[in-house]
Each structure stands twice: as C-alpha cells, then as structure tokens.
Amino acid sequence: MRRPPKLPTDRRRGGRAQFFVVLLMITIGALPGATRERDGAGPRSAADEQSKQVSEWDLRAVWLYKFASYIKWPKERLPEDKSPLVIGVLGRDPFGKTLDATLKDKKLGSHPIEIQRFDDAEKAAASHLLYVSTTDPDEIDEILTTLRGKPIVLVGDGPTFTKHGGMISFKRDGRRMTFTVNVHSLKAAGLEASSELLKHAVKDETEAEK
C-alpha cells in the first residue's frame, strides 16, 4: 500500500509559523494591514506575506497567552505541575475559532492551556485568565463585582475597563494594539505580575489614579 504523500513543510508547520508571526507583530506593536508596500525593496519575506492573513483577533489571542505568561497565580490555583491553565471568554465570543486554533497544544511551563466559554460570571470563576467581551459599563460593573478579589486576570476592551476595576484593557491606537494595566486590581486579587507586563503597557492605571 502506498504511503500518503507528505504535506509540504510550510503546510505542516503553518499553525506554528502563524503563532510566531503574530508574536513578531506583537513585538513591533503592529496591527494587521500595518505593513506598507516597499517600493524597490525586493520581494516580500514569508513573514510579510503571512502577516496579511493575521487578524486583529489573532493578535489578541496571542496577547492573552502573553498576559498569562507574565502572571504568577497562588499555588492553590495551579496545585499540580500539569494542572490546566484556563483561558476563558465571558459572553459573546468574538474570537470564533481563532482562540482555539492559535493556542492549540500550547503550554505555559508544564501547564496545558485550556480554552473555555462562559455565559455566567460565577461559572467563569473557574478561569485563570478571563476575556470579558462586553463593553457596557453596567454589565462590566456587575461582572467585576461578582469576580472581585478572585485570582483571575480580567481582560477587556476600551478606556473604562481598567478604571472600573478590570486588570488589563486592550486599546487600539491607530495601527497599533496597546493595553493599559491596573496593578492595584491585580494585587487585590492575589496575583503577582512580572515587570515585563508593565514594560509593554502604555499606561499603569494605578499610577494614573494617584
């Protein structure tokens, strides 16, 4: 019996390559479409071509992974070496299949990443990092009140999320994807953030409040 033909290397490694292309875009702070045509600069690289296929939600998915890598949880939240680290989405899921595809088979240390969706804030307490999809101030207040003090990294969107007590908030700045951080909220939840998190943030909301 004939063996099935091998997939080309770029096909077999496509998911992994895409992940690292997104990491590169995060490093330079670029949003999809930020790469301009380069007159006389020669042919585009494979990374240039692949960056065309990267969506804003690909960037956000990898940022969620990066955020988790900057946080230390209390021992009881990850009691075993191989305890899964749950990244959750609360409410309408804007990622579609992107979050699962981007973080498939990924680990943080020895902890496998597990993606879960929730329609209830109390159930979402099972998360280690939670993306809150609503931008409605009243809904945000209700969710944050329910989850206040729990060791969950609460990530959202818009300028008011961290001011309401959320921990990290995405922000679009032209062609850049940035975020703000509320260090006070992280500490109040018993979470320890690496200095790398603040290094990448555009503003520390805790300092802004002083």
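I want the local charge near residue 191. Using Cβ-Cβ distances under 12 Å, sum +1 for each Lys or Arg and -1 for each Asp or Glu among the other residues.
Neighbourhood net charge equals +3.
In a shell of Cβ-Cβ distance under 12 Å around residue 141, excluding residue 141 itself, what net charge do Lys and Arg (+1) and Asp and Glu (-1) give?
Taking every other residue near residue 141 into account, the sum is -2.
Long-range amide H contacts for residue 182: which residues qualify at under 5 Å (H placed 1.01 Å from N, peptide plane, sequence gap of 5 or more or a different chain)?
For residue 182, the qualifying residues are 168, 205.
Over 21 Å between Cα atoms, which of 82/199; 163/187; 66/107 qualify?
Correct reply: 82/199.
Residue by residue through segment 91-100, what is 3J(HN,Hα) from phi via Karplus (6.51 cos²θ - 1.76 cosθ + 1.60, θ = phi - 60°)? Round to whole Hz and write x for glycine and proline.
x, 4, 8, x, 6, x, 8, 4, 5, 5
For segment 150-200, just say rounded, prolate or oblate: build the C-alpha gyration tensor, square-root its eigenvalues into a ≥ b ≥ c, call rounded for a/c under 1.5, and beyond that prolate if a/b exceeds b/c, oblate if not.
oblate
Starting from the Kirkwood radius over alpha-carbon pairs of segment 55-208, derive D by Stokes-Einstein at 4 °C in a medium of 1.567 mPa s and give it in µm² s⁻¹.
Using the Kirkwood radius from Cα pairs, D works out to 84 µm²/s.
Values quoted throughout were computed directly from the atomic coordinates according to the rules given, and no laboratory measurement underlies them. Please read these numbers as outputs of a predicted model, since none were measured by experiment. Cβ: placed from backbone, ideal geometry, glycine included. Neighbour counts: every protein chain shown.
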